[in-house]
1. If you check 235, 228, which single one turns out to be closer than 18 Å to residue 158 by Cβ and acidic (Asp, Glu)?
2. So, in region 65-96, of the ones that are within 24 Å of residue 213 (Cβ to Cβ), out of contact with any Asp or Glu (no Cβ under 9 Å at 6 or more places or on another chain) and in contact (Cβ under 8 Å) with a residue 12 or more places away in the chain, which residue ends up most open to solvent (accessible area, probe 1.4 Å)?
3. With respect to residue 62, determine if the residue is farther than 20 Å from residue 241 by Cβ, over 19 Å from the mean Cα position of the chain (by Cα) and either touching a residue at least 12 places away in the same chain (Cβ under 8 Å) or surrounded by 20 or more Cβ atoms within 10 Å (Cβ to Cβ) (or both).
4. Report, by residue number, each residue of region 151-177 that is within 23 Å of residue 32 (Cβ to Cβ), among the polar types (S, T, N, Q) and surrounded by 15 or more Cβ atoms within 10 Å (Cβ to Cβ).
5. Scan region 65-95 residue by residue and report those that are within 16 Å of residue 113 (Cα to Cα) and among the hydrophobic types (A, V, I, L, M, F, W, C).
6. Out of all the residues in region 1-37, which are under 21 Å from residue 141 (Cα atoms) and at pLDDT 95 or above?
7. Quick one: is residue 180 open to solvent by 40 Å² or more (accessible area, probe 1.4 Å), in contact with a strand residue (DSSP E or B) (Cβ under 9 Å, 6 or more places away or on another chain) and either among the basic types (Lys, Arg) or not assigned by TED's automatic domain parsing to the domain that holds residue 100 (or both)?
8. I'd like to know if region 186-196 contains one or more residues that are at pLDDT 95 or above and crowded, with 20+ Cβ neighbours inside 10 Å.
Amino acid sequence: MTYIPTTVSVPVPQGLRPRCSEATCRVVSNTPVNGEYRLLTLDAPEAILDCQPGQFFQLLCPAPEGENPFLRRPMSIYGYDKSAGRLEFLYKIAGAGTRGLATLRPDDTFNVLGPLGQGFSMPDDWQNLMLVARGVGLATLAPLARMAQERGRKLTAICSARRPELAMSVELFESYGAEVIVVHDEDGSSTPEALRPLIEARIAKGDVDAFYTCGSSRLLRMLQDLGESHGIPGEIAMEQQMACGLGMCQACVRSFRVGDRIIQRRVCREGPVFPISEAM
């Protein structure tokens, strides 16, 4: 059977966001990258590849034997290349949806909806970037490394994991010119108490203009404290259960602190990327 890429524009109520697209993609590969994570690579139509780092897609996961996932699964973009027609997702098998993903084989067709959400920004005065993340949160930040290289920014990536061999995206970050520091639980180097002096030493040398993070409340609190103490801004990609992914169902509402107020925002619509200082 010949694979023919197709897309369907999905209208969204006025005021929510521009049109996204539902697309049929072809599976190129779906392979393990270590003992916990798998990389899904798709041949995707050009119409869905105008992406930003930090955005996500809603994936229509196949049903594994004996299970029936009811909703699409939101998943951050791990990689995208419009000229090559490539779209990538890094995932960990954790439930019915991801068990279904693991059944996909090369040349299978696969339905996705997106890109969705507000991605990362990179203002001109953010020249020295520090990325601090853990586990699959590093997947969300992987496209950011490519953006940093394209814009001529200096990037330091602190990759945290339970064990050294589980640190994600190390070679990918290095390929984009980042200095990579791997920290892990086994030797205690991943604790906020160990990371703080390492980061503060770089701040003292003027090597940090902005922070980026995803995937750990402990890291968020540490970066918020450092940012407030040293006047360093940053952004976080929030992880949250989502249903529609379009801002209509209100399932992904979280609280944010803006000045003296606590306000509610939808992670899928106003995010998933937010200022670090406002996240709770």
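1. 235
2. Within region 65-96, the match that is most open to solvent (accessible area, probe 1.4 Å) is 73.
3. When the stated conditions are applied, residue 62 passes them.
4. Passing the criteria: 160, 169.
5. 70, 71, 75, 77, 87, 89
6. Listed by number, the residues that qualify are 30, 31.
7. No: the conditions fail for residue 180.
8. Scanning region 186-196, I find at least one residue that is at pLDDT 95 or above and crowded, with 20+ Cβ neighbours inside 10 Å, so the answer is yes.
The values are calculated or read from the model by the stated rules, or taken from the named source; none is laboratory data. Worth saying up front: this structure is predicted, and the values here are computed from it rather than measured. Quick reminder, even Gly has a Cβ in these numbers, built from the backbone with ideal geometry, and neighbours come from all protein chains shown. Keep in mind that these areas ignore ligands, DNA and RNA; they rest on the heavy atoms of the full protein, side chains included. Shrake-Rupley method; radii C 1.70, N 1.55, O 1.52, S 1.80 Å.
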